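Working notes for the structure below.
The values are calculated or read from the model by the stated rules, or taken from the named source; none is laboratory data. What you see is a predicted model, and the numbers here were worked out from it, not measured in a lab. Heads up, the Cβs are rebuilt from the backbone with ideal geometry, glycines too, and the neighbour counts pull from every protein chain shown.
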Amino acid sequence: MTAGRTPRILLAVTFYNGREFAHRTLESISRLGHAGFELDVLVLDDCSPEPGFSEWLETVSHDFGATYYRSPRNVGIPRNVNIGLATAQRLGYDYVVVSNSDVIYARDAVEVLFDVITSAPNAASATAWSTNVDPYSLPNGSDMFIETQEVTDAIGEALSARFDRQSLDIPAGISFAMIVPVTVLSRVGLMDPVFGRGYGEESDWSARATNAGFRHLLAQGAFVYHAGRGSTLAAGVVSQSDIADWSNQHIVNHRSPMFRWSVDGFLRSHVLEDAQIVAVRTLIEAAAQRWGYCVIDGARDWADLDEHVVSVAIRSQANELCTATWCGFTVEIDTDSIDVIGAIRDFFGGAEPVYTNIPGATWEGAERYGYPLSL
């Protein structure tokens, strides 16, 4: 990258059918912040077979200011990704973001990915937190609550405020939303077409990058919602009951015998698990600060509240753990004391709940949000 020149990023989003989420994805991408860099979007249609879909996708792409390209024949996920990587090389981009099509970007996601990749020496990739991106998912009981731009943005804002450009070293990147410096490609190469229609190509590429002396990072302040398997289901790469084409894993194991061990060692270190716990707690604390929290005795009737309000379930014994839940995310609150309510209040920084169905409660927090205090 030439000194003094504004960095250029190409966001290459790969499609194979997907009418049900395409408009939402491209609208989300069109809203992305890009402070400090120029951002262009390339839509790569892998010769989608659904009648009329490609024509519709081209129109939608242009409506949102993206460049559209349709392969003359179906080439599979690795080759479609390579079109994006090679285009970034040929046109002189500094970075390329490889993206799935069934996603919703937090407004600041690419800005955080950019900050992480530019602040880390020898980084080959940086990947965002998500849902349905094993193992870099934030545990969520029902990600249906996240399938909106509003909630995705709220998650992104909370994580970036807490973690900024902090990152974890990880064994492999995942190209559902992964940023790569274009200079790395001249040493590592592109995805290998031997992986056919997909699965395993990211692991192979990541292992090659590691062997070349590069690092892979998880950007702790970035979040991109991922519905999961949208393109691969449509392409027939996996079935509803499968999560991968495991035959491709044998290729990775043969080429990079230590890769699987590095992944297993990383997961057994609990570094990722600890980071997930901190991230989820961050989300719930931020949601409670923004929308409030309620304290509920599940044995009693209670009124439906705004789904954004954090719900704290009271347990039957004073020394048991309570759970706080928001949009499918759950964190435990240690209430190992007689004053259970006091422990909950302390967890939320002294803030009062906005609602409770516990008789006799006289908290003042409800007045701020306009909720009834109790039934």
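Descriptive notes on the structure:
- Only listed residue being buried (at least 18 other Cβ atoms within 10 Å of the Cβ), out of contact with any Leu (no Cβ under 6 Å at 6 or more places or on another chain) and part of a loop (DSSP other than H, G, I, E, B), chosen from Val151, Val133: Val133
- The listed residues are Asn80, Asn100, and the only one of them that is surrounded by 23 or more Cβ atoms within 10 Å (Cβ to Cβ), within 18 Å of the chain's Cα centre (by Cα) and in the same structural domain as Phe214 (by TED's automatic domain parsing) turns out to be Asn100.
- Every listed requirement among (1) over 24 Å from Arg187 (Cβ atoms); (2) in contact (Cβ under 8 Å) with a residue 12 or more places away in the chain; (3) among the charged types (D, E, K, R) is met by Glu150 save one, (2).
- Qualifying residue in the stretch 76-83 (condition: touching a residue at least 12 places away in the same chain (Cβ under 8 Å), within 21 Å of Arg19 (Cβ to Cβ) and of a type outside the set (A, V, I, L, M)): yes
- Test: residue in the stretch 30-42 that is within 28 Å of Val151 (Cα to Cα), in contact (Cβ under 8 Å) with a residue 24 or more places away in the chain, among the aliphatic types (A, V, I, L, M) and out of contact with any strand residue (DSSP E or B) (no Cβ under 9 Å at 6 or more places or on another chain): yes
- Selection count, the stretch 154-198, where residues are of a type outside the set (A, V, I, L, M, F, W, C), surrounded by 22 or more Cβ atoms within 10 Å (Cβ to Cβ) and assigned to a helix (DSSP H, G or I): 2
- Selection within the stretch 37-63 - part of a loop (DSSP other than H, G, I, E, B) and under 22 Å from the mean Cα position of the chain (by Cα): Phe37
- Filter result for Gln249 (at negative phi and in contact (Cβ under 8 Å) with a residue 60 or more places away in the chain): no
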